[in-house]
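The values are calculated or read from the model by the stated rules, or taken from the named source; none is laboratory data. Worth saying up front: this structure is predicted, and the values here are computed from it rather than measured. Positions of Cβ are generated from backbone atoms using ideal geometry, with glycine treated the same way; all protein chains shown enter the neighbour counts.
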Amino acid sequence: MAVEAVVAALVGAAALWLVLRPIFVPARPKAVVYEALDPEETAKGVALTALKEIEFDRETGKLSDADYELLKRKYTAAALEALRVEEAANPPADVEAMIAARLSVLRGEMPACPTCGPRPEADALFCSACGKRLSQHPRCDRCGAPLGPDSRFCEGCGSRVAA
């Protein structure tokens, strides 16, 4: 009889704890998870998909020429506006600067990360963005000029390079 009373008291205490737990233990905030937008859910994606659909509908004979022209003008304008907004938010990279940086890496003037590309720090041993070791171009022991990958002689001073 005493065992039954102890078991009943334990079950009652557990049930009471489950009921009153939200009052005594504060709830932890849930992590907010943001899903990436599907490309077709953006304004640009909607307009481009609509343009494809009206092209298909015209080819299959579901749209008259007048309706096709009206819808094409409408969605072309929407697609162009979405492209302008996207370009304003993400301006194109300076292509000339990218080419100059790549050339300086190839000449051995700047170190390059195998993942991130050219780095602005000329004397760095590790990439400031990802931490990987930067590629080190061989240099001439005599004059310090950068050497090409298959160089047998230094282009700067003409001395023979060790293999």
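Brief remarks follow.
- Here the condition is being free of Cβ contacts under 8 Å to residues at least 40 places away in the same chain, among the small types (Gly, Ala, Ser) and surrounded by 13 or more Cβ atoms within 10 Å (Cβ to Cβ); of 13, 2, 78, 9, it holds for 78 alone.
- In segment 81-92, the residues that are of a type in the set (A, V, I, L, M, F, W, C) form Cβ pairs under 6 Å with partners that are surrounded by 10 or more Cβ atoms within 10 Å (Cβ to Cβ) and outside any loop (DSSP other than H, G, I, E, B), at six or more places apart or across chains, as follows: 82/43; 82/44; 82/47.
- So residue 134, is it of a type outside the set (Asp, Glu), touching a Phe, Trp or Tyr at 6+ places or on another chain (Cβ under 7 Å) and at pLDDT below 75: yes
- Residue that is farthest from residue 146 (Cα to Cα), among those in segment 71-104 that are among the small types (Gly, Ala, Ser) and at pLDDT below 80: 93
- Residue match in segment 56-70 (condition: loosely packed, with under 14 Cβ neighbours inside 10 Å, in contact with a Cys (Cβ under 6 Å, 6 or more places away or on another chain) and either among the hydrophobic types (A, V, I, L, M, F, W, C) or at pLDDT below 80 (or both)): no
- Among residues of segment 24-41, those that are at pLDDT 75 or above and either within 21 Å of residue 79 (Cα to Cα) or surrounded by 10 or more Cβ atoms within 10 Å (Cβ to Cβ) (or both), counted: 1
- Checking each residue in segment 8-23 for being modelled with pLDDT of 90 or more and β-branched (Val, Ile, Thr) picks out only 11.
- Test: residue 23 is more than 30 Å from residue 146 (Cβ to Cβ), in contact (Cβ under 8 Å) with a residue 12 or more places away in the chain, over 32 Å from the mean Cα position of the chain (by Cα) and in a helix (DSSP H, G or I): no
- Qualifying residue in segment 64-73 (condition: of a type in the set (D, E, K, R), in contact with a Leu (Cβ under 6 Å, 6 or more places away or on another chain) and part of a helix (DSSP H, G or I)): no
- Scanning segment 36-63 for residues that are of a type in the set (S, T, N, Q), under 22 Å from residue 84 (Cα atoms) and not in a helix (DSSP H, G or I) turns up just one, 42.
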